[in-house]
Amino acid sequence: MRLSEQTQLEQSPEIDVFEAEAVEGGRVQEFAYKGEALELGASMFWQHNRYVKTAAESLGLTLKAHRGGSSSSSSSGSSHDRAGTVGEPLSESASAAGSVGEDEGREGGGDGGQGGGGSTGEAAIRRRQSPGAGGEGGGLSLWDGQRLVLNMSGSWWEVARAAVRYGSAALSYRWRVAAAFRRFQRVYDLQAAGVSWHTPGAMLQQLGLFNETQWSSRDYMQAHLLRPAAWWLWGGRAFIEEAAAAVGRCNYNQRTDQLNALAGLVSYGPAAYGSVWAIQGGNRQLVSGLLAASGARVLRRGRVRVARRHAGTGLWWLEVESEGEGQTAVYGPYQAVVLAAPLVGSGLAIEEWAEADEAAAAFDSGGGAGGAAGAAAVESSSGGGHEHVGDVNLVSAAVGEGEGEGEGASAHVRVMTRRRLLFSDSASSHDAAAEQSADSSTGSGTGSSTSTSRAPSGDGVDGTAAALQRPYQVTITTFVAAGRLRAAFFNASALPPGLSAVLVTDSAQVPFTAVAARRLEGPDGGEEGEGELVYKLFSSEPLAPELLGQLFEEAGPGRPPRVLVSKRWYAYPRFAPPERFPPFLLAPGLVYGNALEGAASAMEMAAVAAANSALLVAAHLQALEQQQQ
Ligand SMILES: Cc1cc2nc3c(=O)[nH]c(=O)nc-3n(C[C@H](O)[C@H](O)[C@H](O)COP(=O)(O)OP(=O)(O)OC[C@H]3O[C@@H](n4cnc5c(N)ncnc54)[C@H](O)[C@@H]3O)c2cc1C
């Protein structure tokens, strides 16, 4: 859709979409349970996420405010019971992170990131009012591994206590979130005007956000909330260690010294101000709806194994493996290919090929059609003089015809017909490798595992290839049916009244980063509207039954905590400031949207990247058309 809008070609381009899984959605998936959509991946978005919100509205989907006693629909205008959203672990994400907030539904109020309203330290972690089906309120607590350092159930006393504890530092950080968001918002006007970028660095430079990706969230907060040593600034240490850390761990399962400052700001946005939204019936409808509306031909269960560019014509061919059947079919030719998934874990190889008699010349010159830079050389523009990525040679192995993949050394290959530019393991095939890179720095005692991609063996790996190898953080989403949370687990005599959500601070050594209650409607809980209590947890490792027994009371006599579903994700990049980004343009006609994810990961960021991909493809198609004239 976006591509058709962007191109002024005589004919609308034909688009094929290949989806490796049986259903589209990627990291936006739900588990259907008792008529409810329990979000396993991205569960919400911030009211200021213009692309996502507008797309949902244009598809006629019903939006529910994630912070509301009664949700409102921005598409149908109807209201509906939003008990179903109660107690989702706050924020499971980036810009959507916000669930760390009250459940007070309110439509928009969009100040466009001005950060208006609110006033005291209560902005730091806003009260989570979780009106359950039975009318229960709900509380949000922060746990430092020893004690609950903050309880927020909405009483004036707790609000005042949070205000004192996090002080003006919370307000100051909120102001920084709003300022960063004001800069980010310019992307919408620029993209509407047809501006595209060849590298994430150039995009972020133009938006004035690049510097925030170059240092850690912790250093950034310390510099701005601690070191100014102004008389009016207090609460910074507690805010950094507790509130900001808990939101970051919940959203990205990483500590503030691992997150880059931009990811930290994005993550905290919905906790700072504004409301949070989700799509009634499951956020995946957004993906399905957009796909259907695009008119693209969709091939599900089709994993693209190889994207291969012909060195002579510059056209692309895709080798696609059908899941289950183990058969591979070749699709093409295509003028352009968009890689709309993290390369890591995709199982995708990118190759260039030429007929035997052309191969030497084409490859030696790195040559593409018409003397343009070849696939071997990924040209990254300096983006208006801001960031120079340079010409990057990703080639590190050549494959002779009839030889096995991955065999190397070009000098001895007699006739070079194909060469592999880059490849990535599929997630399942390299879990073992991922485990090796388990990260003890999460400090949870559980480690974390990652997903990696690599350039072919040995040499030739440079900055871009390394950036493409960025590992992804494993996060497991688990839904558990159980009784109440046990206060004793948290060394507390009681938890805030009503349904509870607990986030953990940087210092907590526990195997989960967030747990939040939700009471389903329906018969299970029985009397007087008491529905079943279901908890959502994020963790790096599967949760042992013993832990669940310590954490939850039984749902009833003989009804111990029961795992309903558990889903392991390669969830978001492992941030590593100063961030290095691969280019959006990996080769002529090959666009990589997820290059932007290293800045911050969220549905809205994916949408911004997708708009950029469409603009880059449109420019490529137009250039090809002009060449033909
Ligand atoms: C637990 C969790 C919670 C999150 N919470 C939020 C949230 O609340 N709000 C928010 O905004 N964001 C959230 N996010 C982040 C958000 O889900 C992602 O940023 C976003 O979905 C990324 O979209 P994408 O299209 O770039 O990639 P993906 O969603 O990963 O989609 C890539 C698609 O490509 C397919 N694919 C991969 N390789 C191949 C291949 N070789 N051939 C064919 N198909 C292939 C995959 O099957 C997948 O469908 C969360 C993520 C996780 C994991």
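For the reader, a short list of remarks on this structure follows.
- All conditions but one from (1) closer than 21 Å to Phe31 by Cβ; (2) in contact with an Asp or Glu (Cβ under 8 Å, 6 or more places away or on another chain); (3) crowded, with 16+ Cβ neighbours inside 10 Å apply to Ala508; the one that does not is (1).
- Any hit, region 529-543, residues being in contact (Cβ under 8 Å) with a residue 12 or more places away in the chain, under 17 Å from Phe490 (Cβ atoms), within 14 Å of the ligand (Cβ to nearest atom) and small (Gly, Ala, Ser): yes
- With a requirement of 3 or more residues that are over 18 Å from Ala610 (Cβ atoms) and in contact with a helix residue (DSSP H, G or I) (Cβ under 8 Å, 6 or more places away or on another chain), the helices (runs of 4 or more DSSP H) lying completely within region 182-260 that satisfy it span 217-221, 245-252.
- In region 35-55, residue nearest to Leu290 (Cα to Cα) [restricted to those that are part of a helix (DSSP H, G or I) and more than 12 Å from the ligand (Cβ to nearest atom)]: Ala55
- Lone unmet requirement of (1) in contact (Cβ under 8 Å) with a residue 24 or more places away in the chain; (2) over 15 Å from the mean Cα position of the chain (by Cα); (3) open to solvent by 10 Å² or more (accessible area, probe 1.4 Å) for Arg227: (1)
- Checked against the criteria, Val591 does not count as part of a strand (DSSP E or B) and assigned by TED's automatic domain parsing to the domain that holds Ala482.
- Single residue of Arg2, Arg27, Arg50 found to be over 30 Å from Ser566 (Cβ atoms), surrounded by 15 or more Cβ atoms within 10 Å (Cβ to Cβ), modelled with pLDDT of 95 or more and not hydroxyl-bearing (Ser, Thr, Tyr): Arg50
- Screening region 296-311 for residues that are touching a helix residue (DSSP H, G or I) at 6+ places or on another chain (Cβ under 9 Å) and more than 14 Å from the ligand (Cβ to nearest atom) and picking the one that is nearest to Glu325 (Cα to Cα) gives His310.
- Residues of region 271-295 classified as away from the ligand (no atom under 11 Å from the Cβ) and aliphatic (A, V, I, L, M), total: 5
- Remark: pairs (first residue in region 15-34, more than 9 Å from the ligand (Cβ to nearest atom); second residue assigned to a loop (DSSP other than H, G, I, E, B); Cβ separation under 6 Å; 6+ apart in sequence or on different chains) = Ile15/Ala296; Ala22/Arg300; Ala22/Arg301; Glu30/Gly282; Phe31/Leu40; Lys34/Leu520; Lys34/Gly522.
- Only listed residue being in contact with a strand residue (DSSP E or B) (Cβ under 7 Å, 6 or more places away or on another chain) and under 30 Å from Leu225 (Cα atoms), chosen from Gly281, Gly264, Gly269, Gly248: Gly269
- Residues in region 296-346 that are on the phi > 0 side of the Ramachandran plot and modelled with pLDDT of 90 or more: Arg301, Gly314, Gly332.
Yes/no matrix, rows are residues, columns are (1) surrounded by 22 or more Cβ atoms within 10 Å (Cβ to Cβ); (2) part of a helix (DSSP H, G or I); (3) assigned by TED's automatic domain parsing to the domain that holds Ser217:
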position: Val534; (1), (2), (3): yes, no, yes
position: Glu554; (1), (2), (3): no, no, yes
position: Val565; (1), (2), (3): no, no, yes
position: Pro583; (1), (2), (3): yes, no, no
position: Ala618; (1), (2), (3): yes, yes, no
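- Complete set of residues in region 585-611 that are of a type in the set (A, V, I, L, M) and open to solvent by 10 Å² or more (accessible area, probe 1.4 Å): Leu585, Ala602, Met603, Met605, Ala606, Ala607, Ala610
- Every residue from region 319-344 that is more than 19 Å from Phe584 (Cβ to Cβ) and touching a residue at least 40 places away in the same chain (Cβ under 8 Å): Val320, Glu323, Tyr331
- Ser613 being part of a helix (DSSP H, G or I) and either within 13 Å of the ligand (Cβ to nearest atom) or without any contact (Cβ under 8 Å) to a residue 40 or more places away in the chain (or both): yes
- Residues within region 261-312 that are in a loop (DSSP other than H, G, I, E, B) and crowded, with 24+ Cβ neighbours inside 10 Å, tallied: 5
The values are calculated or read from the model by the stated rules, or taken from the named source; none is laboratory data. If you're wondering where the values come from, they're calculated on a predicted model, not measured in any experiment. Glycine gets a Cβ as well: all are built from the backbone with ideal geometry, and neighbour counts include every protein chain shown. Ligands, DNA and RNA are stripped out before the accessible areas are found, and what is left, the full protein with its side chains, is counted by its heavy atoms. Shrake-Rupley method; radii C 1.70, N 1.55, O 1.52, S 1.80 Å.
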